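The structure appears right after this line, and notes come after that.
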Amino acid sequence: MVKKRQAADDGGGGIIDLAYQAPPGTPAGVEVMPVSELRTRAPEGLLVSPQRLDFHQIVAVRSGASAHTVDFTGHWLDEGSVLWVRPGQVQQFGDPEAIEGTVILVQPGFLPSGSPVAAVADDPFRPVVWQPVGQDREAVFCAVGHLEADFRTSTGLPADVHTDVLRHLLSVLVLRLAHLTAPVGSRMPAPGDAFLDFRAAVERDFATSHRVADYARALGYSARTLSRATTAAAGVGAKEFIDRRVMLEAKRLLAHSGLPAARIAGRIGFDDAANFSKFFQHREGCSPGAFRARLQQGRTPHHGDHSAEGDRHSP
């Protein structure tokens, strides 16, 4: 399952780091269990505390409903929801007693490196929550059921064969989620090269560059082209896309570390703490210090700022 250790980087910030640890006798790299078993095995209070994962966690909800926070954005899980928390993201269960279903824990690298399936799994811009309907829902939960059953029924199979079977079954689930049929009129167009280039550049350089013009110059596009491409693919303009990524990193550093605001400002490209504080206050409605204090007191901060592509359910 997982091993609990207290976050300690840069002085600690109240976030619990969870590292993957496969139980003895189970296939290396993946573990499947009911939500009820996760509750039983987790130390008291762990699930409702902010946790940073170093593994993938997929939760397929079969009944019940609860809030769930991922990277400071609130989501609602109910019957038929599928939650996917990726390595490095911070999650917090609302009421883990209120839902039942299946939990799938996956170590990075379990899926074939360089494959389309691994690309989907490792893409941090994919949705956090899916809500498949109709035949999509039937297919997704059928894939979850097959994976869960095969994890439990390994009798007679060599360990390497069992691992390969689980890898293939997990791949089926990943591909099903990646290709859900969106309701008519709700699907956003497939992202073009300009947006994909821009998105990769922002992920690489957001800590040093906050200007659309800088990215346009480096990538060989006009600023207008980047803004149009980003609006079409992500629903926000290029500048907003950059600012949301900067804001997410600021929140992560405030939550995960004991760094003072001045040092955090420098890490994410601000020339002084005052400019950083003004930026943060404008977007979050409170100062960086107040945000950190609320988190350390166990209260979920205001989440007016969402992830780079929002809480979209369509891929």
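The values are calculated or read from the model by the stated rules, or taken from the named source; none is laboratory data. Only a predicted model underlies this, so the values are computations on that prediction, with no experimental measurement involved. No Cβ is skipped: glycine too gets one built from the backbone with ideal geometry, and neighbour counts run over all protein chains shown.
Things to note:
- Scanning the stretch 55-80 for residues that are touching a Pro at 6+ places or on another chain (Cβ under 9 Å) and small (Gly, Ala, Ser) turns up Ser66, Gly80.
- Scanning the stretch 86-102 for residues that are at pLDDT 95 or above, surrounded by fewer than 22 Cβ atoms within 10 Å (Cβ to Cβ) and not acidic (Asp, Glu) turns up just one, Ala98.
- Count of residues meeting criterion [of a type in the set (Asp, Glu), surrounded by fewer than 17 Cβ atoms within 10 Å (Cβ to Cβ) and modelled with pLDDT of 90 or more] in the stretch 22-57: 2
- Inter-residue pairs, beta-carbon under 6 Å, first more than 14 Å from Gly220 (Cβ to Cβ) and in the stretch 193-205, second at pLDDT 90 or above and not in a helix (DSSP H, G or I), 6+ apart: none
- Verdict on Gly88 being assigned to a strand (DSSP E or B) and touching a residue at least 24 places away in the same chain (Cβ under 8 Å): no
- Among the residues of the stretch 240-268, those that are surrounded by fewer than 17 Cβ atoms within 10 Å (Cβ to Cβ) and part of a loop (DSSP other than H, G, I, E, B) comprise Gly258, Pro260.
- Residues located in the stretch 35-54, provided they are touching a residue at least 24 places away in the same chain (Cβ under 8 Å) and farther than 14 Å from Val103 by Cβ: Pro43, Val48, Ser49, Pro50, Arg52, Asp54
- Residue satisfying all of: in the stretch 153-174; in a helix (DSSP H, G or I) and among the small types (Gly, Ala, Ser); surrounded by the most Cβ atoms within 10 Å (Cβ to Cβ) among these: Ser171
- Within the span defined as the stretch 266-273, one or more residues are within 20 Å of Val90 (Cα to Cα), under 24 Å from the mean Cα position of the chain (by Cα) and among the hydrophobic types (A, V, I, L, M, F, W, C).
- Considering (1) under 22 Å from Phe141 (Cα atoms); (2) touching a helix residue (DSSP H, G or I) at 6+ places or on another chain (Cβ under 9 Å); (3) not in a loop (DSSP other than H, G, I, E, B), the lone condition that Pro27 does not fulfil carries the number (3).
- Qualifying positions in the stretch 211-239 - buried (at least 19 other Cβ atoms within 10 Å of the Cβ) and either more than 26 Å from Phe280 (Cα to Cα) or not polar (S, T, N, Q) (or both): Val212, Tyr215, Ala216, Tyr221, Leu226, Ala229, Ala233, Ala234, Ala238
- Pair list, Cβ under 7 Å, 6 or more apart: the stretch 130-148 residue not assigned by TED's automatic domain parsing to the domain that holds Pro27 and outside any helix (DSSP H, G or I), other residue of a type in the set (D, E, K, R) and at pLDDT below 95: none
- Subset of the stretch 113-149 that is more than 24 Å from Pro34 (Cβ to Cβ) and either polar (S, T, N, Q) or modelled with pLDDT of 95 or more (or both) - its residue that is surrounded by the most Cβ atoms within 10 Å (Cβ to Cβ): Ser115
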